[in-house]
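Novice: Sharing a structure with you now.
The values are calculated or read from the model by the stated rules, or taken from the named source; none is laboratory data. Fair warning: this is a prediction, and the values are worked out from it, not measured in the lab. Here the Cβ positions follow ideal geometry from the backbone for every residue, glycine too, while neighbour counts run over all protein chains shown. Surface areas here come from the heavy atoms of the whole protein model, side chains and all, with no ligands, DNA or RNA. Shrake-Rupley method; radii C 1.70, N 1.55, O 1.52, S 1.80 Å.
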Amino acid sequence: MRMKTLMVLHQRQVVLEALGSMKFPYVYPDPESRRLRAALAEDSGLESDYILAGCGADELIDLIMRCVLEPGDKIVDCPPTFTMYEFDAAVNGALVIKVPRKADFSLNVEQITDVIEQEKPKCIFLTSPNNPDGSVIDDEDLLRILKLPILVVLDEAYIEFSGIESKMKWVKKHENLIVLRTFSKRAGLAGLRVGYGAFPLSIIEYLWRAKQPYNVSVAAEISACAALQNPTYLEKVKDTLVQERDRLYNLLKELPFLNPYPSYSNFILCEVASGMDAKVLKEDLAKMGVMIRHYNNKELRGYVRVSVGKPEHTDVLMDCLRRLS
């Protein structure tokens with residue numbers, strides 16, 4: 001526990017020192033984010049020509065839609081998943097075709113194929129690991145979808161916790177693939193809004209024309225670069241979190257009223273069973289000072305989601321859950 005605390009303090013100190021030594025904050029940031037893109041190229045093994053940075057991955061999602069879609073065009077969404085795809089589609093005047101995931105939250109590739117053939121949508125948004133269940137898309141399913149006449153946007157916001165290699169390099173051999181990533185989870189920089197993506201060269205040139213020139217702030221770029229200069233720290237934090245995720249999952253399995261799903265992310269989705277109400281469970285835990293996620297949408301009615309924290313957070317959560325049982 002002491003080692004983990006020292007690791008967190010070390011990372012914060014590195015970023016704070018980098019921000020404290022920031023020069024010329026009154027000068028506009030580099031519109032091409034060249035220093036950050038060079039660091040990302042070294043980190044990913046993909047040349048910087050294929051990389052575009054954004055004010056969070058959310059900005060890049062909207063940018064892709066602005067460049068690809070016209071009002072009335074269609075996208076494919078696979079709920080339950082990240083809600084910003086549907087939100088940005090509405091903002092850009094696009095229609096959303098929903099292909100629900102299967103009971104185990106895997107993709108329904110057969111139905112996706114049928115929809116693409118019949119409806120001719122422009123792009124499909126896929127999240128791996130998926131939010132909110134933490135499942136991953138296997139390579140076979142992804143390759144099947146990449147063979148279809150559609151632009152595939154693969155959101156890897158949680159990829160660091162999966163033990164699976166990013167598909168960023170795939171954009172060099174698949175002209176219809178975009179891969180999005182973020183610093184929000186891997187480096188704890190959510191408040192600074194730093195996202196990035198890997199794009200085929202035939203697509204990225206159009207995004208360069210459309211993006212806001214100063215979308216990544218000076219502070220955000222400095223912090224992201226500082227984080228990338230500490231790969232050993234990032235790996236240790238990831239390993240510590242994955243270890244705690246596995247412990248939490250095994251503990252949750254012991255409760256008769258929860259059915260946790262295996263997760264490759266930094267959270268665990270649980271089906272609430274045995275006659276217990278998911279909303280009531282969330283409210284009862286909140287009265288004890290423990291906050292978990294509850295869902296109102298139809299796909300996740302009866303589910304709650306628990307974020308992975310420190311070991312002491314797990315201990316408090318489990319103590320409260322046992323008292324409620």
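Novice: Given the whole protein assembly as supplied and a 1.4 Å probe, what does the accessible area of residue 310 come to in Å², nearest 10?
Specialist: Here the residue's solvent-accessible area equals roughly 70 Å².
Novice: Mind checking which aspartates and glutamates have their C-alpha under 12 Å from residue 310, skipping anything on the same chain fewer than 8 residues away?
Specialist: 244
Novice: Of the peptides 198-211, 283-296, how do they stack up when ordered by the mean number of other Cβ atoms within 10 Å, highest first?
Specialist: Peptide ranking by packing, descending: 198-211, 283-296.
Novice: Here's a follow-up. Which FRET efficiency value, to the nearest 0.05, do you get for residue 232 and residue 47 by plugging their Cβ-Cβ distance into 1/(1 + (r/R0)^6) with R0 = 30 Å?
Specialist: Calculated transfer efficiency: 0.80.
Novice: Can you give me the accessible area per residue for region 31-121, using a 1.4 Å probe, in Å²?
Specialist: Per-residue accessible area for region 31-121 comes out at 45 Å².
Novice: Can you give the net charge of the other residues whose Cβ lies under 13 Å from the Cβ of residue 171, counting K and R as +1 and D and E as -1?
Specialist: Local charge sum for residue 171: +1.
Novice: What percent does the relative contact order of region 122-182 come to when contacts are Cα pairs within less than 8 Å and at least six residues apart?
Specialist: Worked out over region 122-182, it gives 36 percent.
Novice: In the chain, what percentage of the DSSP-assigned beta bridges are antiparallel, given to the nearest 5?
Specialist: Once the DSSP bridges in the chain are tallied, antiparallel ones form about 55 percent.
Novice: Could I ask something else about it? How far apart, in nm, are the 7 Å Cα→Cβ label points at residue 95 and residue 32?
Specialist: 4.1 nm
Novice: Under the rule of at least 5 residues apart or a separate chain, name every residue whose amide H is placed under 5 Å from the amide H of residue 292.
Specialist: Result for residue 292 returns nothing.
Novice: Mind sorting out which of (i) 30, 62, 8; (ii) 30, 57, 14, 0; (iii) 27, 45, 24, 3 is the real P(r) over Cα pairs in 20 Å bins from 0, in percent computed from the coordinates?
Specialist: So the calculated entry is the one marked (ii).
Novice: For residue 276 and residue 202, compute 0.36 nm times the residue count separating them, minus their Cα-Cα distance, and round to one decimal in nm.
Specialist: 21.4 nm
Novice: So what's the gap between the Cα centers of region 72-111 and region 221-249, to the nearest angstrom?
Specialist: 30 Å
Novice: Let me ask something else about it. Step through the residues of region 227-232 one at a time and calculate ³J(HN,Hα) from phi using the Karplus curve (6.51 cos²θ - 1.76 cosθ + 1.60, θ = phi - 60°), rounding each to whole Hz and writing x for Gly and Pro.
Specialist: In residue order, the calculated couplings are 5, 5, 7, 10, x, 5 Hz.
Novice: Could you pull out every residue, at least 5 positions away or on a different chain, whose amide H is within less than 5 Å of the one on residue 54? Hs are placed 1.01 Å off N in the peptide plane, and Pro or chain starts have none.
Specialist: Here the answer is 195, 196, since their amide H atoms fall under 5 Å of that of residue 54.
Novice: Something else now. Which residue, chosen from 225, 164, 188, occupies the Cα position most advanced towards the positive end of the dipole of region 162-242, where the dipole is computed from +1 (Lys, Arg) and -1 (Asp, Glu) charges on Cβ about the Cα centre?
Specialist: 164
Novice: Lysines near residue 211 by alpha-carbon distance under 29 Å, same-chain residues fewer than 8 away left out - which ones?
Specialist: Those lysines meeting the cut-off are 23, 74, 98, 120, 122, 147, 167, 169, 172, 173, 185.
Novice: State the percentage of accessible surface on the chain attributable to carbon and sulfur atoms; use a 1.4 Å probe and exclude ligands, DNA and RNA.
Specialist: Heavy-atom surface of the chain belonging to carbon and sulfur, 1.4 Å probe: 52 percent.
Novice: How large is the accessible surface per residue of region 157-202, computed with a 1.4 Å probe and reported in Å² as a whole number?
Specialist: 36 Å²
Novice: When the helix-only estimate is applied to the chain (DSSP H runs of n ≥ 4, each -39,500 (n - 2.57), divided by the residue count), what is the mean residue ellipticity at 222 nm, nearest 500 deg cm²/dmol?
Specialist: -13500 deg cm²/dmol
Novice: Could you go through region 245-258 in sequence order and give the Karplus-derived ³J(HN,Hα) for each residue, using 6.51 cos²θ - 1.76 cosθ + 1.60 with θ = phi - 60°, rounded to whole Hz, and x for Gly and Pro?
Specialist: Rounded to whole hertz, the list is 4, 5, 5, 4, 4, 5, 5, 5, 5, 6, 7, x, 9, 10.
Novice: Something else: Of the listed peptides 156-165, 94-103, what is their order by residue-averaged count of other C-beta atoms within 10 Å, with the highest listed first?
Specialist: The peptides rank, most packed first, as 156-165, 94-103.
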